[in-house]
Amino acid sequence: MEKVLDLRGLSCPIPLIRTKDSLTVCDSLTVLVDEMPAKENIIKYVKSQGWQTECINKGREFELKIRKINSL
Amino acid sequence: MTLTIAIITGIVFGLGAVLLVKFGNPGNYGFCAACQLRDIAGALGIHKVATLQYARPEILGWVLGAFGIAKINGEFQPRGGSSPLIRFILGATMMIGALAFLGCPLRGIMRLAAGDLNGLTGLVGFVAGIAAGIAFLKNGYSLGRAKIYTSTLPSISGYASVFAALILVFAVSTNAGYLNFSAKGPGAMHAPIFISLIAGLLAGFFAQRTRMCLSGGVRDYILVRDTQMLIIYGVMFVAALIGNLYFGFFKLGFTGQPLAHDMHLWNFLGLFLTGLAATLAGGCPLRQLIMSGEGNTDAMFCILGMLAGAGIAHGFNAAGSPVGLAINGQIAVSAGLVITAGIGLKYRENFSFMNKGA
């Protein structure tokens, strides 16, 4: 089953910490955030690890699908 | 954030701060979230120190500049409701720590760039405070979720800091009778209002675009080895250093520095407290001002707490001065550390995965 993490409304940098921690125990994850810096920080982190991420804009919110597959 | 924007941001802050001193601000005092809020607190009568009263247009410009660009980019979004009272308290302790050191971490960099080695002591304390804050964050610390406001009245509250900044800019420009103006001392030293305001607007614009945050940059490096924000600080330091050398403001040493003291332990602990409180509040004093311009009412509570913190620090004679930090200030910083660490320990939230579609 796909794991989903609801990180909407949490102060910086809690969304990033939760995402990072969760990715140590699973290989694919969907996170929900509603702040631009949170979205940017998570994407930056995922890319720095060489993993894949896809962002879907849902109005004021963002759904990030993260997969620990090397994008190269 | 591109490298070019990071470099421009560093120059706007670093060189801008030195030019503001050249135009009349006190030494190493071009931009400082803590001291300038303290002066605004004085202008509003929250504290009674006659030499520290002036509604500094620089940081009002930060709020307005951040608001303008956030509005244009569709990033202005009224939101809040995540433990406002705790954020108020964190703002107060953040300020008490900064006033013990005599400056926010931004001024710490500016002081170091002018040769004031006490800046380094403070910044080391700041980094240590952030590391302590991260330990709380990793243990599940959270102040709970903020909500995006959708109904009319709460949405209007997102504009509160912008209204306040506009009123203060108008009042300071017209010498309004309801504001205090220092006749002498640091509060009487300032660049012409329009220069201060334009510098502030530019700085606010770039700080919003880059999400610049003094604690955030260090934190992101510790957490995920991200160096982008550190580039801004590096450029800022070099730009300010060059400016200070050019204008002859540079003077290396611990003693005889403008608006500074050399009680190392309290410089360290002062910014340690600021770093810890900033990490728990989700941003440094500068970032709180920028977020308030983006409509974040929780950040506004933090700023109100900072104004109150300035009132507490000066009302109880607990702020640092060029002579040092007296016993009252040492008690205030110690109490601030206990309260802030207590908040870090007690506010926790458990997170769990939810099922798709839940």
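Every read-out reported here was derived from the displayed coordinates using simple, explicitly stated rules and does not represent laboratory data. What you see is a predicted model; the values in this text were computed from it and never measured. Cβ coordinates were reconstructed from backbone atoms using ideal geometry, including for glycine residues, and neighbour counts include every protein chain displayed.
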*the range B:289-340: Cα Rg divided by the 2.2 N^0.38 Å rule of thumb*: 1.36
*Per residue of A:10-23, how many C-beta atoms from partner chains lie within 10 Å of its own C-beta, taken as a mean?*
6
_Cβ-based net charge around B:Ser182, under 14 Å, with every Lys or Arg adding one and every Asp or Glu removing one_ = +3
_Which order do the peptides B:35-44, B:20-29, B:196-205 come out in when sorted by mean C-beta neighbours inside 10 angstrom, highest first?_
B:35-44, B:196-205, B:20-29
*Per chain B: cysteines with no other Cys C-beta under 4.7 angstrom?*
B:Cys104, B:Cys213, B:Cys284, B:Cys302
*Check the straight Cα-Cα distances from B:Lys346 and name the lysines below 20 Å, setting aside those fewer than 8 residues away within the same chain.*
B:Lys138
*Quick one: which of B:4-14, A:16-26 comes out on top by average Cβ neighbours within 10 Å, and what's the full order, highest first?*
B:4-14, A:16-26
*For the range B:100-257, what value does the Rg/Rh ratio take when both radii are computed over Cα atoms and Rh is the Kirkwood radius, given to two decimals?*
1.01
*Taking the convex hull of the Cα atoms, report for the range B:230-358 its projected area averaged over all directions, in nm².*
12.1 nm²
*asked:* Could you compute the net charge surrounding B:Phe126? Neighbours are other residues with a C-beta less than 13 Å from the C-beta of B:Phe126; K and R count +1, D and E count -1.
replied: +3
*Hey, could you grab the Kirkwood Rh for the range B:45-149? Inverse mean 1/r over distinct alpha carbon pairs, Å, one decimal.*
16.9 Å
*Residues with beta-carbon under 15 Å from that of B:Arg38, excluding B:Arg38: net charge, scoring Lys, Arg +1 and Asp, Glu -1?*
+1
*For peptides B:147-157, B:226-236, B:296-306, sequence by mean Cβ density within 10 Å, most packed first*: B:296-306, B:226-236, B:147-157
_Sum of -39500 (n - 2.57) over DSSP H runs of 4+, divided by residues of the protein assembly as shown (222 nm, nearest 500)_ = -19000 deg cm²/dmol
*Looking at B:Gly108, B:Gly80, B:Leu3, which one has the Cα that reaches farthest to the positive end of the dipole of the protein assembly as shown (charges on Cβ: Lys, Arg +1; Asp, Glu -1)?*
B:Gly80
*Where Rh is the Kirkwood radius over the Cα pairs of the range B:210-269, the temperature 20 °C and the viscosity 1.002 mPa s, what D in µm²/s does Stokes-Einstein return?*
155 µm²/s
*Over every pair of different alpha-carbon atoms in the range A:21-72, take the mean of 1/r and invert it; report that Kirkwood radius in Å.*
11.1 Å
_Debye calculation, C-alpha points only, no solvent: report log10 I(q)/I(0) for the range B:3-354 at q = 0.06, 0.14 Å⁻¹, in the same order as the q values._
-0.18, -1.10
*Considering every residue in B:341-351, what mean count of other chain Cβ atoms within 10 Å of its Cβ is obtained?*
1
*What whole number of Å gives the distance from the Cα centroid of the range A:30-53 to the Cα centroid of the range B:318-358?*
28 Å
*What is the Cα convex hull volume of the protein assembly as shown when expressed per residue in Å³?*
130 Å³
